[in-house]
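Read the structure below first, then the notes.
The values are calculated or read from the model by the stated rules, or taken from the named source; none is laboratory data. Only a predicted model underlies this, so the values are computations on that prediction, with no experimental measurement involved. Positions of Cβ are generated from backbone atoms using ideal geometry, with glycine treated the same way; all protein chains shown enter the neighbour counts.
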Amino acid sequence: MERYTDLFVSELSEYVKQLNNHLLRLEKESKDKKSIIELFRIFHTIKGMSQTMGYATLAEMSHTAENLLEHAKKRGMIEEHVLDALFTVTEIFDRSATALKSGRALPSAKNIITMLENLQRGKAPSYVSIPETKKGISDIRIKLEKLDTLFNLTNELMIIRARINKISQMVGDPQLQNLSDTAARLISELQDEVTKLRMLPLSTVFDLFPRWFRDEAKRLKKDAELTISGAEIEVDRSIIETLREPLIHLIRNALDHGIDTKSGTAGHKGEVKLTAVREKDRIHISVRDNGRGLDPELIRRTAVRRKIITVEESRRMTDENLFRLTVHPDFSTRKQVTTLSGRGIGLNIVQLAIAKLGGRLQISSKKDNFSCFTLEVPVSLATVRAMIIRLNGQRFALPLSYIQETLYVSEASLRAVFHRELFPLRKELIPVVRLSARLGCQQSEGRKTLIVVQYGGKKRGFLADAIIDEDEIVVKSMGRLFTNPAYSGCSIYADGLPILILDPRGLE
């Protein structure tokens with residue numbers, strides 16, 4: 001019976017997604033006959049499935065929903081209060097699937113059925129509230145606790161693999177080297193397979209938002225819609241879990257702070273766009289609205305009033321720097337606290353969560369035009385191919401995904417323009433960053449290696465003493481207490497000593 005329950009839960013979850021999609025479509029166009037017919041078909045299918053499995057409550061709800069849709073089919077349109085009722089039924093289906101998956105009892109639906117029957121009789125709608133439950137991810141083929149243990153053990157094997165390879169090279173025994181190469185290949189294959197098990201599409205979290213956004217916009221009487229793109233991109237499961245709360249904060253901000261159009265009023269429709277784009281081993285997830293935008297002068301006055309900055313500091317700050325102040329834990333331009341915002345902690349929570357992933361929060365805006373908050377996070381927290389460089393005897397790792405090319409340069413080839421060093425790379429001049437100065441290392445003499453990196457549309461030349469090696473390293477977090485933007489994490493090198501991983505975006 002358990003096998004059939006799993007199949008029922010899987011199919012019910014898929015039908016819930018389809019129901020939400022058709023209901024959202026009908027909310028925009030109430031005379032969409034195709035969606036009405038599809039809803040009728042889905043509810044009829046769920047009724048049959050539920051009867052077969054003995055879930056009488058779910059079957060009864062489906063049957064009553066069918067009756068409501070029968071009237072809608074005859075009228076050629078669906079009324080708003082019927083639509084709201086069907087959204088409620090869909091939510092009960094969703095929570096029933098979650099309950100069955102975790103072995104819990106089905107949620108009570110007696111009041112929901114009564115509401116549907118009253119609607120069927122033509123009585124005025126009287127909606128009931130559904131207790132909020134936090135959705136999460138509980139299974140991916142195997143229990144997550146076991147998968148995490150396997151993942152951590154595999155990462156330790158990756159570190160040992162590098163050390164074995166180093167020792168075999170030092171010994172110089174061909175048989176030992178051959179055995180080391182075979183072990184390295186097998187460990188790499190194991191690590192790849194374990195990483196694949198942890199990968200999930202962003203739709204795992206993105207699919208939660210359309211229905212939630214619709215309910216919040218309706219409650220706030222905001223005329224706005226949410227569009228999503230890039231949900232098919234796959235990222236590490238631990239990143240998926242961390243993204244949920246930051247994205248909720250950002251979308252809430254867009255609704256509460258950004259969008260100011262009211263339902264039923266003239267003017268442009270509020271739009272919130274949730275977009276994901278992959279750039280090499282990084283994911284850029286942006287929440288953009290076409291609302292009132294950020295007001296630099298209001299931010300400046302608020303930051304001074306709350307003693308986050310001084311008056312003198314505020315006068316020297318660019319708009320971009322002022323926008324960064326909105327992530328301060330004490331910053332809020334709201335005079336009143338609402339259930340959505342106003343406490344001044346939302347963006348700070350977002351930044352802390354993203355920093356924990358080795359990511360960044362970027363803010364851009366234009367007053368009375370738009371606001372855009374972009375989360376840049378890694379695809380995976382497991383391993384990264386990196387170039388190992390030397391700076392005055394110290395070693396650092398620089399992810400290969402940022403590196404365009406490397407070349408030897410002399411001090412004479414560098415040009416000073418307006419207190420900044422530039423290097424002529426073919427037909428362009430690129431800014432030079434002396435890593436020794438940026439990282440607090442003593443500068444050594446002699447020929448240098450210029451590492452040309454590119455990120456966020458920018459190209460820079462990093463000066464290092466030498467390139468030591470290229471290797472795949474295991475990324476480890478340095479915790480919240482270590483917040484230097486020049487580093488994205490650390491690793492254990494082949495000789496067993498720690499090595500810091502550089503973040504090019506924090507080295508300017």
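I want to confirm something. Restricting to the range 44-71 and keeping residues that are within 26 Å of residue 7 (Cβ to Cβ) and of a type in the set (S, T, N, Q), which single residue is modelled with the lowest pLDDT?
If we take residues in the range 44-71 being within 26 Å of residue 7 (Cβ to Cβ) and of a type in the set (S, T, N, Q), then 52 is modelled with the lowest pLDDT.
For the condition more than 28 Å from residue 223 (Cβ to Cβ) and not polar (S, T, N, Q), what is the one hit in 324, 292?
Of the residues listed, the single one that is more than 28 Å from residue 223 (Cβ to Cβ) and not polar (S, T, N, Q) is 324.
Filter the range 277-292 down to the residues that are modelled with pLDDT under 90 and assigned to a loop (DSSP other than H, G, I, E, B), then identify the one that is farthest from the chain's Cα centre (by Cα).
Going through the qualifying residues, I end up with 292.
Name the residue that is farthest from residue 28 (Cα to Cα), counting only residues in the range 269-287 that are among the charged types (D, E, K, R) and touching a Lys or Arg at 6+ places or on another chain (Cβ under 9 Å). Steps first, answer last, please.
So in the range 269-287, the residues among the charged types (D, E, K, R) come out as 269, 271, 273, 278-282.
Applying the additional criterion that residues be touching a Lys or Arg at 6+ places or on another chain (Cβ under 9 Å) yields 271, 273, 281.
Numbers: 271: 14, 273: 17, 281: 37 Å.
The selected residue is 281.
If you go through the range 334-357, how many residues are modelled with pLDDT of 75 or more and part of a loop (DSSP other than H, G, I, E, B)?
1
Does residue 477 satisfy being modelled with pLDDT of 80 or more, touching a strand residue (DSSP E or B) at 6+ places or on another chain (Cβ under 8 Å) and closer than 30 Å to residue 153 by Cα?
Values: modelled with pLDDT of 80 or more: no; touching a strand residue (DSSP E or B) at 6+ places or on another chain (Cβ under 8 Å): yes; closer than 30 Å to residue 153 by Cα: yes.
Against the criterion (modelled with pLDDT of 80 or more, touching a strand residue (DSSP E or B) at 6+ places or on another chain (Cβ under 8 Å) and closer than 30 Å to residue 153 by Cα), residue 477 does not qualify.
Which residue out of 95, 41 is buried (at least 18 other Cβ atoms within 10 Å of the Cβ), modelled with pLDDT of 85 or more and of a type outside the set (A, V, I, L, M, F, W, C)?
Criteria check complete, one pass: 95.
Restricting to the range 484-508, and then to whatever is loosely packed, with under 14 Cβ neighbours inside 10 Å and over 21 Å from residue 434 (Cα atoms), can you tell me which residue is modelled with the highest pLDDT?
Step by step, filter the range 484-508, then rank; the result is 498.
Name the residue, out of 242, 227, that is part of a helix (DSSP H, G or I) and either surrounded by 18 or more Cβ atoms within 10 Å (Cβ to Cβ) or assigned by TED's automatic domain parsing to the domain that holds residue 363 (or both).
So the residue among 242, 227 that is part of a helix (DSSP H, G or I) and either surrounded by 18 or more Cβ atoms within 10 Å (Cβ to Cβ) or assigned by TED's automatic domain parsing to the domain that holds residue 363 (or both) is 242.
Return the residue satisfying two criteria in turn: it lies in the range 189-227 and is more than 30 Å from residue 167 (Cβ to Cβ) and polar (S, T, N, Q), and of such residues it is modelled with the highest pLDDT.
Ranking the qualifying residues of the range 189-227, first place goes to 227.
Mind counting the residues in the range 479-508 that are among the aromatic types (Phe, Trp, Tyr) and touching a residue at least 40 places away in the same chain (Cβ under 8 Å)?
1
Go through 186, 147, 153, 157 for me and flag whichever is surrounded by 15 or more Cβ atoms within 10 Å (Cβ to Cβ), assigned to a helix (DSSP H, G or I) and at pLDDT 80 or above. Walk me through how you get there before you give the answer.
Numbers: 186 fails: surrounded by 15 or more Cβ atoms within 10 Å (Cβ to Cβ); 147 fails: at pLDDT 80 or above; 153 fails: surrounded by 15 or more Cβ atoms within 10 Å (Cβ to Cβ).
The conditions single out 157.
Of all the residues that make up the range 239-276, how many are among the polar types (S, T, N, Q) and at pLDDT below 85?
3
Contact list please: Cβ distance under 7 Å, first residue in the range 185-201 and more than 12 Å from residue 235 (Cβ to Cβ), second residue of a type in the set (Val, Ile, Thr), pairs at least six apart or on different chains.
190/154; 191/154; 191/383; 194/154; 197/140
Looking at the range 406-421, is at least one residue outside any strand (DSSP E or B) and touching a residue at least 24 places away in the same chain (Cβ under 8 Å)?
Taking the range 406-421 first, the residues outside any strand (DSSP E or B) are 410-414, 418-419.
Subset that is touching a residue at least 24 places away in the same chain (Cβ under 8 Å): 410-411.
Yes: one or more hits.
Among the residues that make up the range 421-430, is at least one of them in contact with a helix residue (DSSP H, G or I) (Cβ under 9 Å, 6 or more places away or on another chain) and not basic (Lys, Arg)?
yes
Only one of these is buried (at least 18 other Cβ atoms within 10 Å of the Cβ) and not aromatic (Phe, Trp, Tyr): 299, 308. Name it. Can you show your working first?
Values: 308 fails: buried (at least 18 other Cβ atoms within 10 Å of the Cβ).
The conditions single out 299.
Any idea which of (1) closer than 21 Å to residue 492 by Cα; (2) in contact with a strand residue (DSSP E or B) (Cβ under 9 Å, 6 or more places away or on another chain); (3) buried (at least 19 other Cβ atoms within 10 Å of the Cβ) is the one residue 163 doesn't satisfy?
Unmet for residue 163, out of (1) closer than 21 Å to residue 492 by Cα; (2) in contact with a strand residue (DSSP E or B) (Cβ under 9 Å, 6 or more places away or on another chain); (3) buried (at least 19 other Cβ atoms within 10 Å of the Cβ): (3).
Name the pairs: first residue in the range 465-478 and touching a residue at least 12 places away in the same chain (Cβ under 8 Å) and more than 17 Å from residue 401 (Cβ to Cβ), second residue assigned to a strand (DSSP E or B) and among the aromatic types (Phe, Trp, Tyr), Cβ to Cβ under 8 Å, at least 6 apart or on different chains?
These pairs meet every condition: 478/487.
Please pick out the residue among 218, 222 that is over 22 Å from residue 375 (Cα atoms), touching a Gly at 6+ places or on another chain (Cβ under 7 Å) and among the basic types (Lys, Arg).
The match here is 222.
Would it be correct to say that residue 385 is surrounded by 11 or more Cβ atoms within 10 Å (Cβ to Cβ), modelled with pLDDT of 90 or more and basic (Lys, Arg)?
no
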